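**Q** Below you'll find the structure I mean.
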Amino acid sequence: MRHEFPVTKTTMPKDKPDTDTLAFGNRFTDHMFLMDYNQERGWHNGRIVPYAPICLDPAASVFHYAQEMFEGLKAYKTSSGNVQLFRPEKNEERAKRTCERICIPTLPDGLMVEAVKALVDVERDWIPDKPNTSLYIRPFIIATEPFLGVRDAYNYMFIVILSPVGPYYKEGLLPTRIYVEDEYVRSVKGGTGEVKIGGNYAVGLRSEKKAHEKGYAQVLWLDGIERRFVEEIGTSNAFFVIDGEVVTAPLTGTILPGITRDSVMTLLRSWGVNVSERRLSIEDLYEAHREGRLSEVFASGTAAVISPVGELCWGDKQMIINEKRIGTLSQKLYDELTGIQYGRIEDRFGWITEIE
Ligand code: COI
């Protein structure tokens, strides 16, 4: 079913940011998408309106019990001026699983992608076209019902906002320093680590802050039970290249099933590289490093794209990876992924959705 969304244009367009100095997520475009949910009408009243603060009751349950989910994807401008999305249907599928996990009524099939396309179409001029810049798209749903009892809410709002962005890490493609977190954990099986909710990120802040204070860009999470097996790097999936095998944590309920993670594995396999989704302990990782068998570590994510790791700190042990230079596979993956996203390389996997 195709949905039509009325558009109310802003009368006060903002100045566009300088695309040479774009950071991540601190500028927002002129419009946003809003849609409401109530029990009588379900999801209704999808509309594009001028970007502005929203008014919520202080008792809205999102403020108290964190019934909130989000997604993240990007729009890219090609050299011929076309606008492309990368695998948006995967965001929609994951959003559905997230909604189900925290009892948010799911959106009608196809609606999230249609809302994103409609809003990006209105904001075409905001898509930066300098290398490594894009328009970050943040769809999210919040529980808006004013109610302090603990149950799933009766009212929600679906919102999409857009932000022209540069690199997520200030290091860009320079290898980052990562701190192995052995005090706090991000998730356990049966919890919410495999879905995309704000709460997962709130519980990570303390560790991230600790890492920053020690001079590291992010943390490498270990599993929540044995505190031994490597899971994710900050807000991204993690990959380790050992003896030519690319290893990443399996999807057993604690890891976010990243769309970039899946794309990375597909690309690697198409090149004949051996990829394993298997548990890898920090002890084995350290051993592989000591024996010179760990050649690359990188993080993958929509925001981070491919972010090479140059150093891992685990307690009093330090691992310098590939002499702090970006590895061959990381560079090749970055070039291939961004090549497809920006339309420089043929889309042989059918990953691109054009916005006409
Ligand atoms: C993404 O990569 O899109 C994310 O959601 C990570 C983050 C900025 C929270």
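The values are calculated or read from the model by the stated rules, or taken from the named source; none is laboratory data. As the structure is a prediction and not an experimental result, all values here were calculated from the model. Cβ placement follows ideal geometry from the backbone for every residue including glycine, while neighbour counts extend to all protein chains displayed. All accessible areas refer to the heavy atoms of the entire protein, side chains included, with ligands and DNA or RNA removed. Shrake-Rupley method; radii C 1.70, N 1.55, O 1.52, S 1.80 Å.
**Q** Please tell me if residue 38 is closer than 17 Å to residue 140 by Cα, open to solvent by 60 Å² or more (accessible area, probe 1.4 Å) and away from the ligand (no atom under 16 Å from the Cβ).
**A** The answer is no for residue 38.
**Q** Here's another thing I want to ask about it. How many of the residues making up region 60-72 are open to solvent by less than 10 Å² (accessible area, probe 1.4 Å) and either within 11 Å of the ligand (Cβ to nearest atom) or of a type outside the set (S, T, N, Q) (or both)?
**A** 4
**Q** Tell me which residues, restricted to region 231-253, are away from the ligand (no atom under 14 Å from the Cβ), in contact with a strand residue (DSSP E or B) (Cβ under 6 Å, 6 or more places away or on another chain) and not acidic (Asp, Glu).
**A** Selection gives 239, 240, 241, 242, 246, 247, 248, 249, 250.
**Q** Which fully enclosed strands (runs of 3 or more DSSP E) of region 13-78 have 1 or more residues being more than 22 Å from the chain's Cα centre (by Cα) and among the β-branched types (Val, Ile, Thr)?
**A** Counting at least 1 such residues, we get 42-50.
**Q** I'd like to check something: does region 94-102 contain any residue that is assigned to a loop (DSSP other than H, G, I, E, B) and either among the β-branched types (Val, Ile, Thr) or surrounded by fewer than 18 Cβ atoms within 10 Å (Cβ to Cβ) (or both)?
**A** Looking through region 94-102, at least one residue is assigned to a loop (DSSP other than H, G, I, E, B) and either among the β-branched types (Val, Ile, Thr) or surrounded by fewer than 18 Cβ atoms within 10 Å (Cβ to Cβ) (or both).
**Q** Of all residues in region 257-316, which are within 16 Å of the ligand (Cβ to nearest atom) and open to solvent by 50 Å² or more (accessible area, probe 1.4 Å)?
**A** Passing the criteria: only 262.
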